[in-house]
Amino acid sequence: MRSYLGALAVVAVVSACAPSLPPTIAPPPARDVFIHQPPPKVWDAALVLLTDLSIPIENMDRASWFLRTQEMTLSNPAASVDCGSRMPGQAWTSVATVLVRYTMLLRPEGDSTGVRIQVSSRFAGGDGAGECVSRGNLEGTLVDRLRARIELGHS
């Protein structure tokens, strides 16, 4: 009985000390997407879009065309971020809460506006915490929705 309990204690310690595996992808490169509208029109459309999507804004400064959202829980995180693995075959996205935040910067470029959207994400829970890497689809979806909103004239 004593050797069984000793072996169980060793397994528990080794499991607790097992290093987690980092994300397997590199973050998408930062890039501007150009929308052929002036910054005030893009800004107004972005605010309405975020409001319609119930994405809360934490900080914004129209003078510098900067906006950051609050952290939100990400549903279906495995499709959007790579947080690495707790152990081989067990992704953190399946055992922990993943939080995401958007940062948007507008840059006037002649008669257009450069839009840069960055997603930062992290996980917490499941006996771990750490940073995640975006797969790029959250940024792309937000830009596509922003463009559609502007093209439809719903800013």
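The values are calculated or read from the model by the stated rules, or taken from the named source; none is laboratory data. Fair warning: this is a prediction, and the values are worked out from it, not measured in the lab. Here the Cβ is made from the backbone with ideal geometry for all residues, glycine too, and neighbour counts use every protein chain on show.
Couple of notes before you dig in:
- Any hit, the range 50-73, residues being assigned to a loop (DSSP other than H, G, I, E, B) and among the polar types (S, T, N, Q): yes
Per-residue answers, yes or no, for (1) loosely packed, with under 10 Cβ neighbours inside 10 Å; (2) at pLDDT below 95; (3) over 24 Å from ASP111 (Cα atoms):
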| residue | (1), (2), (3) |
| --- | --- |
| PRO19 | yes, yes, yes |
| PRO29 | yes, yes, yes |
| ASP32 | no, yes, no |
| TRP43 | no, no, no |
| ILE55 | no, no, yes |
| ASN59 | no, no, yes |
| ARG62 | no, no, no |
| THR69 | no, no, yes |
| LEU74 | no, yes, yes |
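- Filter result for LEU106 (modelled with pLDDT of 95 or more, of a type in the set (A, V, I, L, M, F, W, C) and in contact with a Gly (Cβ under 9 Å, 6 or more places away or on another chain)): yes
- Scan of the range 112-155 for residues that are surrounded by 14 or more Cβ atoms within 10 Å (Cβ to Cβ) and assigned to a loop (DSSP other than H, G, I, E, B), ordered by number: GLY126, ARG135, GLY136, SER155
Residues are listed down the side, and each one gets a yes or a no for (1) touching a residue at least 60 places away in the same chain (Cβ under 8 Å); (2) within 16 Å of ASP44 (Cα to Cα):
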residue: GLY89; (1), (2): no, no
residue: THR93; (1), (2): no, no
residue: GLY110; (1), (2): no, no
residue: GLY114; (1), (2): yes, yes
residue: GLN118; (1), (2): yes, no
residue: ALA129; (1), (2): no, no
residue: THR141; (1), (2): no, no
residue: ILE150; (1), (2): yes, yes
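- Every residue from the range 87-111 that is part of a strand (DSSP E or B) and not β-branched (Val, Ile, Thr): MET87, GLN90, ALA91, LEU99, ARG101, TYR102, MET104, LEU105, LEU106, ARG107, PRO108, GLU109
- Filter result (at pLDDT below 90 and crowded, with 17+ Cβ neighbours inside 10 Å) within the range 76-97: ARG86
- The range 114-155: number of residues that are under 9 Å from the mean Cα position of the chain (by Cα) and among the aliphatic types (A, V, I, L, M): 3
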